Each structure stands twice: as C-alpha cells, then as structure tokens.
Amino acid sequence: MTELRKAYCPRCGDDTKAVAMGEIRKAVLSNGQLVYAQKGREAKLQAELVVKNMVMQGESLTWIDLEQDERVPDNSVCEKCTNELSEWATMVKRGGVYFKCKECGTNGIVHAGTELAEQVRESQKIAAPAPVGMEFAACEQHKQLLESV
C-alpha cells in the first residue's frame, strides 16, 4: 500500500499542497539537519551527501521510519514564501541588504536608504542592484531593527 504524506514549506513550516508518496525514512546529520529518502534509496542519498561533503566517507547514517502522521519537507517553498522572497529581492535591488542572525536564524531585509544598509554596501563595495548580505552574531544586534519594521 502506497503511503501519502502531507508536505510542509521548508522555509516557514506551513502546509503545502504537495504530498509525498511511498515509504519515507529520515536520518539526522551530524549538524542536526534532517534528510529524507524513500525506503530502499537511503544508500544512494547517503552517497550523494558524501559527494556534497555533508557526510564523511565511511560514516553510517541511522535511518528511522517516520511517525504515522509526520509531514515531510516540500522540495520548494510555499507561495507565501515565494512572494516574500521576490519582494525582498526587489528591495535589495533598490539598495537594501539581506540579513541573517547566526544565533536564532532570523532573516530579513535592512531597508534601502537606512544608515546600516548604506554602511554595509559601502564597506563591501557592492552597489545596488547587486545583492549583498550581512550576518548578526547575536539577537540583540537585530532586535531594534526588527522592531522598527
């Protein structure tokens, strides 16, 4: 009997319209990332992960069955995230700057025309419309930025 599993957006976690078919298993990489494979294809995926330097040669992943109603990540982001990423790309082309927090993983845009966006572009010598990004080391560094949006 073929199993059907609901899928979720790998970016925001919302349900998507996609479904996954077949018996799917998962393994946890050393960095905590989950990977999924259809039963019988685990070795092929593990070999691909070795080529991508995500798994060490000779390392053995432990594959486990999914819970009965466990969802799986979709291969692409949902429509809401696609639209948001498109809007962000437009803002960056106008002089904005992508950002990500190393501590919590939050990401977003520093708006064009702000002192921070101009400083980042100047320090990196990257003018709009070329994309540029920055990383905050800790949440307190971006807290005020997110409150002003």
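Read-outs throughout are calculated quantities, based only on the coordinates presented, and are distinct from any laboratory measurement. Quick caveat, the model's predicted, so the values are computed rather than measured. Quick reminder, even Gly has a Cβ in these numbers, built from the backbone with ideal geometry, and neighbours come from all protein chains shown.
Some notes on this structure:
- Only Cα sites of the range 4-73 enter the Debye sum here, all with the same form factor; the resulting log10 I(q)/I(0) across q = 0.13, 0.25, 0.26 1/Å is -0.39, -1.16, -1.21, listed in q order.
- If you plug the beta carbon distance of SER86 and ALA130 into 1/(1 + (r/R0)^6) with R0 = 22 Å, you get a FRET efficiency near 0.80.
- The chain has equivalent-ellipsoid semi-axes of 37, 19, 14 Å, by the square roots of 5 times the alpha carbon gyration tensor eigenvalues, sorted largest first.
- Here the spin labels are modelled as points 7 Å beyond Cα on the Cα-Cβ line, and at LEU4 and GLN38 they lie 1.6 nm apart.
- GNM result for the chain, Cα springs below 10 Å: residue of GLN68, GLN38, GLN46 fluctuating most strongly: GLN68
- 3J(HN,Hα) couplings calculated from phi for the range 103-118 with the Karplus curve 6.51 cos²θ - 1.76 cosθ + 1.60 (θ = phi - 60°) are, in sequence order, 6, 10, x, 4, 9, x, 10, 8, 5, 4, x, 7, 4, 5, 4, 5 Hz; Gly and Pro show x.
- Placing unit charges on the Cβ atoms only, positive for Lys and Arg and negative for Asp and Glu, gives the chain a dipole magnitude near 420 debye about its Cα centre.
- Net dipole in debye of the range 4-73 [+1 Lys, Arg Cβ; -1 Asp, Glu Cβ; about Cα centre; nearest 20]: 240 debye
- Beta bridges assigned by DSSP with both partners in the range 69-149 are antiparallel in approximately 50 percent of cases.
- Residues with amide H under 5 Å from that of PHE136, placed H, sequence gap 5 or more: LYS100, CYS101, LYS102
- Check: the range 79-147 dipole with +1 on Lys, Arg Cβ and -1 on Asp, Glu Cβ, in debye: 220 debye
- All other residues whose Cβ lies under 10 angstrom from that of GLY95 are scored, Lys and Arg at +1 and Asp and Glu at -1, for a net of +2.
- Placing unit charges on each Cβ (+1 for Lys and Arg, -1 for Asp and Glu) gives the range 67-129 a dipole about its Cα centre, and among ILE109, ILE126, PHE99 the Cα reaching farthest toward its positive end belongs to ILE126.
- The range 50-63 - phi-based ³J(HN,Hα) in whole Hz, Karplus 6.51/-1.76/1.60, Gly and Pro as x: 5, 4, 7, 6, 9, 9, 6, 4, x, 5, 10, 7, 9, 8
- The chain - share of DSSP beta bridges that are antiparallel (%, nearest 5): 70 percent
- Using the average count of surrounding beta-carbon atoms within 10 Å as a protection proxy, the listed peptides 88-99, 107-118 rank, highest first, as 88-99, 107-118.
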